[in-house]
């Protein structure tokens, strides 16, 4: 099939992408681990053009992101009926390991209050996933390719 | 941190893995697409040591799986509270594109009745994801590495 399945990006598509990110509490992170894709759950706190995650040395994604910071993050939970009829977005991201500042902890804990129990542990790292591009699927026939600038609030 | 975070696989771990797979209606599929991990949602029907998915030529994962059948599938949905306190499993899988038989369609539709609308379309393909291994995370401190044989019901 050679038909281009993507619609032109418009205000509505950008608003849906923003809403998916702002309402997300977790996502499925795909990293490359010794050549293989590996998908794990991460809890997250949304930012404007990125999301914050808190990851542990005990999880395989942490070493994988240190070795190779480019990754993919699926956000958006299905409701009832056909799981594919519900909107979701695949973000291509680049990870940066951050300093353990008070401000950052506050911002993360505002979205993930239960993480208070372990955010202070030495094995847990705060990582920013900066959005490089996105593949928005709003349901059948509603696919869009978004660039990094489509995620800015001022867009 | 050099501590091995994995517990020895026992009956309880195998039962949790089975229950996650049997109750799953969708998962996050990670494929390798021109060298990058890409995570998308798939609807699924569980089998004993594999899961069936129905994927479209319009979605990027379909061409990616044809080019490179090894992939990763995250299964298990979080409930309330900390998203990381809820059980999930990362399956490493290998994809096989299947013949379009009546039996297979029945089995898939038993789990995904809404797919009746499009399972007959030429652009939709039935694919078996055979389980090669699994990384079970039952919540904090409850991680297990499972081999292919741990997924057999007779185990």
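The values are calculated or read from the model by the stated rules, or taken from the named source; none is laboratory data. Keep in mind it's a predicted model, so treat the numbers as computed, not measured. Virtual Cβ from ideal backbone geometry, glycine too; neighbours counted across all protein chains shown.
So the values come out like this:
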item	result
Conditions (1) assigned to a helix (DSSP H, G or I); (2) more than 28 Å from residue B:25 (Cα to Cα); (3) touching a strand residue (DSSP E or B) at 6+ places or on another chain (Cβ under 8 Å): number failed by residue A:116	(3)
Filtered residue count, the range A:95-108, keeping only those that are within 14 Å of chain B (Cβ to nearest Cβ) and without any contact (Cβ under 8 Å) to a residue 12 or more places away in the chain	0
Test: residue B:89 is touching a residue at least 12 places away in the same chain (Cβ under 8 Å), more than 25 Å from residue B:123 (Cα to Cα) and either at the interface with chain A (Cβ under 10 Å from one of its Cβ atoms) or in a strand (DSSP E or B) (or both)	yes
Hits in the range A:15-32 (condition: within 8 Å of another protein chain (Cβ to nearest Cβ) and out of contact with any helix residue (DSSP H, G or I) (no Cβ under 6 Å at 6 or more places or on another chain))	A:28, A:30, A:32
Filter result for residue B:55 (modelled with pLDDT of 95 or more, buried (at least 18 other Cβ atoms within 10 Å of the Cβ) and over 30 Å from residue A:144 (Cβ atoms))	no
Evaluation of residue A:12 against (1) over 12 Å from the mean Cα position of the chain (by Cα); (2) away from chain B (no Cβ under 11 Å); (3) in contact (Cβ under 8 Å) with a residue 12 or more places away in the chain (one fails), failing number	(3)
Exclusive hit being part of a helix (DSSP H, G or I), in contact with a strand residue (DSSP E or B) (Cβ under 9 Å, 6 or more places away or on another chain), under 22 Å from residue B:142 (Cα atoms) and at pLDDT 95 or above, set A:43, A:64, A:28	A:64
Failed item, numbered, when residue A:135 is tested on (1) without any contact (Cβ under 8 Å) to a residue 12 or more places away in the chain; (2) not in a loop (DSSP other than H, G, I, E, B)	(1)
Identity of the residue in the range A:74-86, more than 7 Å from every other protein chain (Cβ to nearest Cβ) and in contact with a strand residue (DSSP E or B) (Cβ under 9 Å, 6 or more places away or on another chain), that ends up farthest from residue B:83 (Cα to Cα)	A:86
Residues within the range A:83-122 that are surrounded by 20 or more Cβ atoms within 10 Å (Cβ to Cβ) and modelled with pLDDT under 95, tallied	2
Test: residue A:45 is under 13 Å from the mean Cα position of the chain (by Cα), within 25 Å of residue A:117 (Cα to Cα) and more than 7 Å from chain B (Cβ to nearest Cβ)	yes
Residue among A:117, A:109 that alone is touching a helix residue (DSSP H, G or I) at 6+ places or on another chain (Cβ under 8 Å) and farther than 25 Å from residue B:42 by Cα	A:109
